[in-house]
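Enquirer: Would you mind keeping the following structure in view while I ask a few things?
The values are calculated or read from the model by the stated rules, or taken from the named source; none is laboratory data. Note that the coordinates shown come from a computational prediction; the quantities given were computed from them, not determined experimentally. When we count neighbours, we look across all protein chains shown, and the Cβ atoms used for this are built from the backbone with ideal geometry, even at glycine. Ligands, DNA and RNA are excluded from the accessible area calculation, which covers all protein heavy atoms including side chains. Shrake-Rupley method; radii C 1.70, N 1.55, O 1.52, S 1.80 Å.
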Amino acid sequence: MASYDVIVIGSGPGGYVSAIRCAQLGLKTACVEGRDTLGGTCLNVGCIPSKALLHASHMLHEAEHNFATMGLKGKSPSVDWAQMQTYKDDTIGQNTKGIEFLFKKNKIDWLKGWGSIPEAGKVQVGDEVHEAKNIIIATGSEPASLPGVEVDEKVVVTSTGALSLGKVPKKMVVIGAGVIGLELGSVYSRLGAEVTVVEFLDVVTPGMDAEVQKTFQRMLKKQGLNFIMGAAVQKTEATKTKAKVHYTLRKDDSAHVIDADVVLVATGRKPYTDGLGLEAVGVEMSPRGQIKVGADWQTNVKGIYAIGDCIDGPMLAHKAEDEGMAAAEQAAGKHGHVNYGVIPGVIYTHPEVANVGATEQDLKEAGRDYKVGKFSFMGNGRAKANFAGDGFVKILADKDTDRILGAHIIGPAAGDLIHEICVAMEFGASAEDLAMTCHAHPTYSEAVREAALACGDGPIHS
Ligand code: FAD
Ligand code: NAI
């Protein structure tokens, strides 16, 4: 039996970051991971592999659609799927090995196997029971299933199967127009599949700014994705090579069937806490299966903390990381903090979509007086040169104080641009503060400045 200051269970972005911060704070730390590699969902079957496939397929799109216009002539590249998978797997390997290196560097013990908590202050891995003054649960999430839909990870797949299909399907049906459905749907559409997205609601990406939702769906349609909106999937029927997706249209209850070679089920994820033994230890759970925590990420059982996808909040890697650092600091007797009002969200399609803070719908519901500063990428020289003029930056600011309340970007490098607004919001900046900051020309970031100017006396280039 070994004795630690902290044992973290799970090595995803929440867990590994938390373990590193614990070690940096001088705590003797171990991290339990049951997978063969560190890094959790994000590095193994989530953020990283999906971004590799998005990058590769975007390069193909550029070659097919924009190269000739720029005077780059010649045969378009063809898809070597096996090589694209190798590239993706190499990318995963480099990242997961990187975490192993960081664990060694910070003297964190990797306890290999599935962990459970036989009692407060103890963690069992295999036959070994270890002592821990503090336990941080970071066991993440898994795909949520849909009644009537049986996943085999070959024909009817979750995101995990979709990242490693045997070949590019001719016809793919995606259930759910959320983040996973649109990112992976884009990948396969660019690679030549006929992709149809079946969505329960009348809008894509629920919860996002309504104008962004409309523009985003229009752009994806233009890229070749088909949408069946307001459709509730009832069941799938699959053989070894094909599937049928049965759905009803909510407007008239009419029943329909659509054929597919592969069906991607992308209808959300749920917390994963199986086998931890939380009930016996008395850790309180929410009705949605999340571990309940207080403002210090501690559960109702002293010394047991929880972070990331297995607690409430957006299921995002960076949210898990921030909580991981904060919980580590709390366990070390410091004052870890997360500002939940400034957590950006990014969709890595082309163009990217990014948001932070309130939407207009939120502000209307809260009865807050606000103003909108909007600027189209059509007025941005760099975007026009790079065939990226479609899209806009929209900044929402308080009508009286001019304080920035939220921002919504659809367009080139949106996922990077959003962070200047995050920093501004962290400092309680006004739109005028952004507007008065010099932005280099020609950069996409000038569109952010112009949107900030649009909150005041007006943008220059529109
Ligand atoms: P996880 O990453 O899920 O890690 C939990 C780890 O705990 C796993 O490795 C699991 O094996 C281990 N574990 C569980 N139980 C035990 C146990 N009892 N003992 C030992 N180990 C255990 N988010 C973004 O911010 N950006 C993106 O671009 C993005 N893309 C995504 C793409 C896809 C296809 C998917 C599925 C998700 C994506 N996400 C993205 C979401 C992101 O992956 C998660 O929010 C993030 O991984 C959550 O981190 P976590 O540390 O809470 O849990
Ligand atoms: P999601 O919650 O984003 O979207 C699910 C969609 O499925 C919703 O639009 C919902 O209305 C629809 N749906 C639900 N039931 C349905 C039914 N019966 N028929 C048709 N449509 C139905 O979930 P998703 O895309 O699975 O992603 C899970 C999580 O992973 C997200 O919370 C996200 O935060 C995270 N993620 C983040 C990424 C990023 O940050 N870029 C990328 C991928 C995932």
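Enquirer: Can you give the percent of C-alpha pairs in the range 156-267 whose distance is more than 17 Å?
Expert: Details: 3106 of 6216 pairs.
Percentage above 17 Å: 50.
Enquirer: In the neighborhood of Ala317, defined by Cβ-to-Cβ distances under 12 Å, what is the net charge if each Lys or Arg adds +1 and each Asp or Glu adds -1? Walk me through the intermediate numbers first.
Expert: Details: positive: Lys51, Lys319; negative: Asp309, Glu321, Asp322, Glu323.
Summing Lys/Arg as +1 and Asp/Glu as -1 gives -2.
Enquirer: Expressed in nm², what is the orientationally averaged projection area of the convex hull enclosing the Cα positions of the range 345-454? Before the final figure, lay out the partial values.
Expert: Values: hull surface 25.0 nm².
In nm², the orientation-averaged hull projection of the range 345-454 is 6.3.
Enquirer: Excluding ligands, DNA and RNA, what is the solvent-accessible area per residue of the range 358-457 at a probe of 1.4 Å, expressed in Å²?
Expert: Result: 45 Å² of accessible area for each residue.
Enquirer: Based on DSSP, what percent of beta bridges with both residues in the range 156-267 are antiparallel, to the nearest 5? Mind showing how you got there, number by number?
Expert: On the way: 13 of 27 bridges.
Of those bridges, close to 50 percent are antiparallel.
Enquirer: Mind giving me the FRET efficiency for Leu249 and Ser145? R0 is 25 Å, r the Cβ-Cβ distance, nearest 0.05 is fine. Walk me through the numbers before you get to the answer.
Expert: Working: r = 23 Å, r/R0 = 0.91.
It comes to 0.65.
Enquirer: Tell me the chymotrypsin sites (Phe, Trp or Tyr not before Pro) within the range 339-420 that lie in a loop according to DSSP and have at most 13 other beta-carbon atoms within 10 Å. Each step should come with its number before you reach the end.
Expert: On the way: sites: Tyr340, Tyr348, Tyr370, Phe375, Phe377, Phe387, Phe392; in loops: Tyr348, Phe387.
Qualifying residues, ordered by number: Phe387.
Enquirer: Which is farthest toward the positive dipole end of the range 124-169 among Ile135, Ser164, Pro147, measuring Cα position about the Cα centre, with Cβ charges +1 (Lys, Arg) and -1 (Asp, Glu)?
Expert: With unit charges placed on the Cβ atoms, the residue in question is Ser164.
Enquirer: Give me the three principal axis extents of the range 12-150 from the C-alpha atoms, as integers in angstrom, largest value leading.
Expert: For the range 12-150, the Cα spread along each principal axis is 65, 45, 21 Å.
Enquirer: With +1 on each Lys and Arg Cβ and -1 on each Asp and Glu Cβ, how big is the dipole of the chain about its Cα centre, in debye rounded to the nearest 20? Walk me through the numbers on the way to the answer.
Expert: Values: 46 positive and 56 negative charges, 204 e Å.
Approximately 980 debye in magnitude.
Enquirer: Oh, and also: Once the other residues with Cβ under 12 Å from the Cβ of Gly98 are scored (Lys, Arg +1; Asp, Glu -1), what is the net sum? Display every interim value, and only then the final one.
Expert: Working: positive: Lys97, Lys104, Lys105; negative: Glu100.
Here the count lands on +2.
Enquirer: What whole-number value in Å² describes the accessible area per residue of the range 107-147 for a 1.4 Å probe?
Expert: Numbers: 2110 Å² over 41 residues.
On a per-residue basis, the range 107-147 sits at 51 Å².
Enquirer: Still on this structure: So, counting K/R as plus one and D/E as minus one, what does the shell of residues with Cβ under 11 Å around Val293 add up to?
Expert: Details: positive: Lys292; negative: Glu284, Asp296, Asp312, Glu323.
Charge balance in the 11 Å sphere: -3.
Enquirer: Among 116-125, 9-18, 306-315, what's the highest-first ranking by average C-beta atoms within 10 angstrom per residue? Spell out each step's value before the answer.
Expert: On the way: 116-125: 17.7, 9-18: 30.8, 306-315: 23.8.
Averaged packing, sorted descending, gives the order 9-18, 306-315, 116-125.
Enquirer: Hey, another quick one. Hey, any idea what % of the range 156-267's accessible area is carbon plus sulfur with a 1.4 Å probe?
Expert: Working: 2540 of 4740 Å².
The computed percentage sits at 54.
Enquirer: Still on this structure, please answer the following. Given the -39500 (n - 2.57) contribution per DSSP H run of 4+ residues, what per-residue ellipticity at 222 nm results for the chain, rounded to the nearest 500 deg cm²/dmol?
Expert: Working: 14 runs with 149 residues, N = 462.
Rounded to the nearest 500, the figure is -9500 deg cm²/dmol.
Enquirer: Normalise the Cα radius of gyration of the range 101-153 by 2.2 N^0.38 Å (N = residues in it) and let me know the number. Spell out each step's value before the answer.
Expert: Details: Rg = 16.2 Å, N = 53, 2.2 N^0.38 = 9.9 Å.
Rg over 2.2 N^0.38 Å, computed on Cα atoms: 1.63.
Enquirer: Right, something else. Going by average Cβ density within 10 Å per residue, which order do the peptides 190-198, 133-141, 96-104 take, highest to lowest? Write down the numbers at each step before the final one.
Expert: Numbers: 190-198: 22.0, 133-141: 26.1, 96-104: 16.6.
Ranking the peptides 190-198, 133-141, 96-104 by packing returns 133-141, 190-198, 96-104.
Enquirer: Give me the number: length gained by fully extending Asp80 to Asp433, i.e. 0.36 nm times residue separation minus the C-alpha to C-alpha distance, one decimal in nm.
Expert: Details: separation 353, 0.36 × 353 = 127.08 nm, distance 4.87 nm.
Length difference between fully extended and current span is 122.2 nm.
Enquirer: With only alpha-carbon pairs counted, each pair once and no self-pairs, how large is the Kirkwood hydrodynamic radius of the chain in angstroms? If you can, show how the numbers build up before the last one.
Expert: On the way: mean 1/r = 0.0420 Å⁻¹.
Roughly 23.8 Å, rounded to one decimal.
Enquirer: Let me ask something additional. Could you list log10 I(q)/I(0) for the range 217-321 at q = 0.15, 0.21 Å⁻¹, which the Debye formula gives when each Cα is one point scatterer?
Expert: The Debye formula, applied to the Cα set alone, gives -0.83, -1.05.
Enquirer: Only loop residues by DSSP count here, and only those with at most 11 other Cβ atoms within 10 Å; note down the trypsin sites (Lys or Arg not before Pro) in the range 241-278 that meet that. Intermediate results must be reported in sequence, preceding the final value.
Expert: Numbers: sites: Lys242, Lys244, Arg250, Lys251, Arg269; in loops: Lys242, Arg250, Lys251.
Listed in order of number, the matching sites are Lys251.
Enquirer: To continue, here is another question. Where Rh denotes the Kirkwood radius from the mean inverse Cα pair distance, what is Rg over Rh for the range 92-229?
Expert: Numbers: Rg = 20.8 Å, Rh = 18.6 Å.
Radius of gyration over Kirkwood radius for the range 92-229 works out to 1.11.
Enquirer: Roughly how big is the range 345-454's charge dipole about its Cα centre, with Cβ charges of +1 (Lys, Arg) and -1 (Asp, Glu), in debye to the nearest 20? Could the numbers behind the result be given before it?
Expert: On the way: 10 positive and 16 negative charges, 59 e Å.
Using only the charged Cβ atoms, the result is roughly 280 debye.
Enquirer: Give me the accessible area per residue for the range 156-267, probe 1.4 Å, as a whole number in Å². Could the numbers behind the result be given before it?
Expert: Values: 4740 Å² over 112 residues.
On a per-residue basis, 42 Å².
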